[in-house]
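Undergrad: Structure in structure tokens, see below.
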Amino acid sequence: MESREAYRRYLSSDGFEILVGRSAADNDLLTFRVAAQEDFWLHVADSSGSHVIVRNPDRLERLPRQTLREAAGLAAHFSKSRKGGRVAVHYTQRRFVRKERGAPAGQVQLKRFDTLRVSPQLLPESVSRR
């Protein structure tokens, strides 16, 4: 039996790796164990859903616009707001994401963030495994 990865993998049209958590516990693992401090973190606002990480090996201050929109579209798609049309998605660098002691799996606080509105979007899932 093949073990399930804690997150899905996608590749943006700009070539950035995008990781999407599968469950609340997987979201915690992805955000606090897999993501680097300079990676970008996204999540749909005011609803439950997957944490989305965009790898940032070049330590860019901001993502290319298309990659940001694609990652936000994935966050909207893998949320309970998926059928709500355009939804608000918060994004920030991982360094600004915190977890309070005793908080439930997947629940975080953001020290600083921006918001954009997008429609849910699904990209082809990457088949590469690391």
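Each value in this text was obtained by applying a stated rule to the coordinates, not by laboratory testing. Computed from a prediction, not measured in an experiment: that's the story for all the values here. Methodologically, a virtual Cβ is constructed for each residue, glycine included, from the backbone with ideal geometry; neighbour enumeration extends over all protein chains shown.
Undergrad: Out of [x] 46, 41, 30; [y] 47, 37, 20; [z] 39, 37, 33, which label holds the value of Cα extents along the principal axes in Å that was computed here?
TA: Answer by label: [z].
Undergrad: Treating the beta-carbon of each Lys and Arg as +1 and of each Asp and Glu as -1, no other charges, what is the dipole magnitude of the chain about its Cα centre, to the nearest 20 debye?
TA: So the dipole magnitude of the chain works out to roughly 260 debye.
Undergrad: Report, in deg cm²/dmol and to the nearest 500, the calculated mean residue ellipticity at 222 nm for the chain, where each DSSP H run with n ≥ 4 adds -39500 (n - 2.57) and the sum is divided by the residue count.
TA: -4000 deg cm²/dmol
Undergrad: Residue farthest toward the positive end of the dipole of the chain, with Cβ of Lys/Arg at +1 and Asp/Glu at -1: which of Leu63, Val97, Ile53?
TA: Val97
Undergrad: Then there's this: Among Glu61, Glu70, Glu100, which one moves the most in a GNM of the chain with springs linking Cα atoms closer than 10 Å?
TA: Evaluated over the chain, the most mobile residue of the options is Glu100.
Undergrad: Subtracting the Cα-Cα distance from 0.36 nm times the residue separation, let me have the gained length for Arg98 to Asp46 in nm, one decimal.
TA: 17.1 nm
Undergrad: Compute the label zone of Gln66 within the range 2-42: residues whose backbone N is under 14 Å from the point 7 Å along Cα-to-Cβ.
TA: Label zone hits: 11-17.
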